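First comes the structure, then the notes that go with it.
The values are calculated or read from the model by the stated rules, or taken from the named source; none is laboratory data. Note that the structure is predicted; figures quoted are calculated from it, not measured. FYI the Cβ positions are ideal-geometry reconstructions off the backbone, even for glycines, and counts take in every protein chain you see.
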Amino acid sequence: MKKRALALDALRGFSIIAMILSGQMDVTHLPAWMAHAQVPPNSSFDPTIYGITWVDLVFPFFLFAMGAAFPFSLGSKLDKGENKYKLCWDSLVRALQLVFFALFFQHMKPFVISSNTNTASCFISLVAFGLMFLMFVNNSIPYFKNSKIGIWGVKISAFLIGFILMYTLEYSGKENPNFDIYFSDIIIIVLANMAFFASVIYIFTYKKPFYRLLALPFVMAIFLASTNPGWVKQVYDFTPIPWAYTFYYLKYLFIVIPGSMAGEYLYEWINSDSDRMSEKNDGSAYLIAFTSLALIVTNVVFLFTRQLELNLAITILLIVSSYFILKSNHSSFGVFWNKIFTVAVYCLLLGLVLEAYEGGIRKDHSTYSYYFVTSGLAFFGIIFLSVICDYFKCIKSTKFLVLSGQNPMIAYVTTALVVMPILTLLSITDYFYVFKEGTFMGFLRGALLTTLAVLVTMVFSKIKWFWRT
């Protein structure tokens with residue numbers, strides 16, 4: 001019987017939920033560890049602050065999950081013999097759709113349409129959300145399920161209407177009142193770049209992971225050499241469409257490519273023989289879940305507080321403990337976790353060795369230590385969620401993670417385009433001033449808005465209305 005893994009969906013779900021939460025909390029009274037390390041609450045960006053917080057794990061975990069999905073979205077097609085160049089073209093189309101997504105979403109936020117969010121701007125945002133359904137819903141458009149021509153006809157029409165809407169609106173909520181091609185969601189722009197460049201690398205190194213990893217030193221070399229005049233700097237600076245691509249975005253290959261390795265191990269486990277599934281060792285599973293979570297928490301806490309030697313000592317102790325725990329587990333789960341564990345340790349230790357380089361680990365401006373540490377922690381996140389979701393099958397308690405992870409695009413826009421407009425139309429936002437009265441209330445604001453966004457996303461996931469590019 002073919003196994004099904006929910007760990008990847010859960011990791012993606014955790015990332016998107018944490019992303020929403022971190023963006024919706026009122027930061028007025030929050031402590032520094034509740035925000036990006038380099039942007040403390042009520043402070044401006046300060047790149048001289050080193051360390052990471054839980055908020056700094058959100059985006060790399062999502063990128064890691066994106067790479068881990070390649071073996072399922074691309075590898076399965078390559079297994080069937082699909083043409084590599086066609087898959088590259090499909091990846092380019094996907095990237096272009098994500099660029100449009102980034103532009104459209106950023107322009108359709110109610111507070112961007114109108115500086116004083118009003119009824120009209122809220123209704124426009126809700127209409128935009130409906131249009132995005134037609135743009136991105138995957139084979140679920142009523143009456144067009146079995147017609148590719150019909151599906152693409154609806155999609156293209158929706159994109160045209162969306163562009164006309166963006167182009168004709170006058171925006172009082174941003175400096176430039178007109179449509180601005182440079183005014184886009186940077187997170188989605190980065191994902192668009194990864195959707196193309198990382199996909200192409202994966203396609204041409206399929207079943208050759210060593211070659212895939214060899215691409216990373218060349219990317220690093222271009223970054224390092226671009227500080228001096230020469231052809232490498234010209235390559236780094238070249239961009240025919242600066243609003244959608246700069247070489248700087250390719251730094252996130254250091255997270256997506258390791259993620260693809262995790263995806264291959266996961267894909268291999270799912271498609272392996274299941275005769276050893278019954279060889280369970282609950283004690284071993286509990287321990288490996290504990291040590292994996294402990295490694296994530298330890299590194300975040302002690303890198304943030306800059307207790308580097310203590311962090312290294314505890315990390316090594318947990319790694320050694322995990323090694324001996326996994327050594328005795330010969331089940332199919334144990335074999336899978338061991339493979340993930342090996343790469344996780346390599347990435348994490350490499351990141352910790354690089355920690356002193358560039359002054360210390362930080363998200364902005366991101367350092368090599370940041371890429372490898374967060375990749376290593378994402379591997380441990382996969383192990384932890386594999387134990388919880390796939391081994392112990394805690395389906396009900398993790399359903400909110402899984403369903404959100406299956407529909408991340410809807411989850412990402414729901415707060416701005418659905419939840420806040422509806423709350424504004426109902427005049428509920430008139431009472432949001434209460435959330436500025438303390439740390440707990442600031443956090444509660446984010447928790448309530450995140451819960452509403454997750455509930456909306458879960459509804460669409462349950463009825464299988466997924467957004468895809």
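Inside region 459-468, residues that are crowded, with 19+ Cβ neighbours inside 10 Å and either modelled with pLDDT of 95 or more or within 14 Å of V402 (Cβ to Cβ) (or both) make up a count of 2. Candidates G13, G23, G51: the one that is on the phi > 0 side of the Ramachandran plot and at pLDDT 90 or above is G51. The condition of being in a loop (DSSP other than H, G, I, E, B) and either on the phi > 0 side of the Ramachandran plot or of a type in the set (S, T, N, Q) (or both) holds for only one of S43, S91, S76, that being S43. Only one entry in F45, F14 is surrounded by 20 or more Cβ atoms within 10 Å (Cβ to Cβ), out of contact with any strand residue (DSSP E or B) (no Cβ under 7 Å at 6 or more places or on another chain) and aromatic (F, W, Y), namely F14.
Is one or more of the residues making up region 395-408 free of Cβ contacts under 8 Å to residues at least 40 places away in the same chain, at negative phi and surrounded by fewer than 20 Cβ atoms within 10 Å (Cβ to Cβ)? Checked region 395-408: at least one residue is free of Cβ contacts under 8 Å to residues at least 40 places away in the same chain, at negative phi and surrounded by fewer than 20 Cβ atoms within 10 Å (Cβ to Cβ).
When V320, V297, V335 are screened for being surrounded by 16 or more Cβ atoms within 10 Å (Cβ to Cβ) and out of contact with any Gly (no Cβ under 7 Å at 6 or more places or on another chain), only V335 passes. How many of the residues making up region 327-346 are small (G, A, S) and modelled with pLDDT of 95 or more? Qualifying residue count, region 327-346: 1.
Of the residues making up region 46-71, just one is in a loop (DSSP other than H, G, I, E, B), within 14 Å of the chain's Cα centre (by Cα) and farther than 23 Å from L452 by Cα, namely A69.
Every residue, every condition in (1) assigned to a helix (DSSP H, G or I); (2) touching a Pro at 6+ places or on another chain (Cβ under 9 Å), yes or no:
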position	(1), (2)
H365	no, yes
F372	yes, yes
A378	yes, yes
D390	yes, no
K396	yes, no
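All told, T227 falls short of being among the β-branched types (V, I, T), over 25 Å from K86 (Cβ atoms) and either buried (at least 18 other Cβ atoms within 10 Å of the Cβ) or at pLDDT 95 or above (or both).
With the structure loaded, tell me whether V112 is closer than 30 Å to T205 by Cα and either touching a residue at least 60 places away in the same chain (Cβ under 8 Å) or under 20 Å from the mean Cα position of the chain (by Cα) (or both) or whether it fails that test. No.
When region 423-440 is limited to residues that are hydrophobic (A, V, I, L, M, F, W, C) and buried (at least 17 other Cβ atoms within 10 Å of the Cβ), the one that is nearest to N407 (Cα to Cα) turns out to be L423. In summary, F400 fulfils each of the numbered conditions (1) over 20 Å from the mean Cα position of the chain (by Cα); (2) part of a helix (DSSP H, G or I) with the single exception of condition (1).
Can Q24 be described as over 30 Å from L6 (Cβ atoms), buried (at least 19 other Cβ atoms within 10 Å of the Cβ) and of a type outside the set (A, V, I, L, M, F, W, C)? When the stated conditions are applied, Q24 does not pass them. Of all the listed residues (I149, I156, I189, I141), the sole one being β-branched (V, I, T), modelled with pLDDT of 95 or more and either assigned to a loop (DSSP other than H, G, I, E, B) or out of contact with any strand residue (DSSP E or B) (no Cβ under 6 Å at 6 or more places or on another chain) (or both) is I189.
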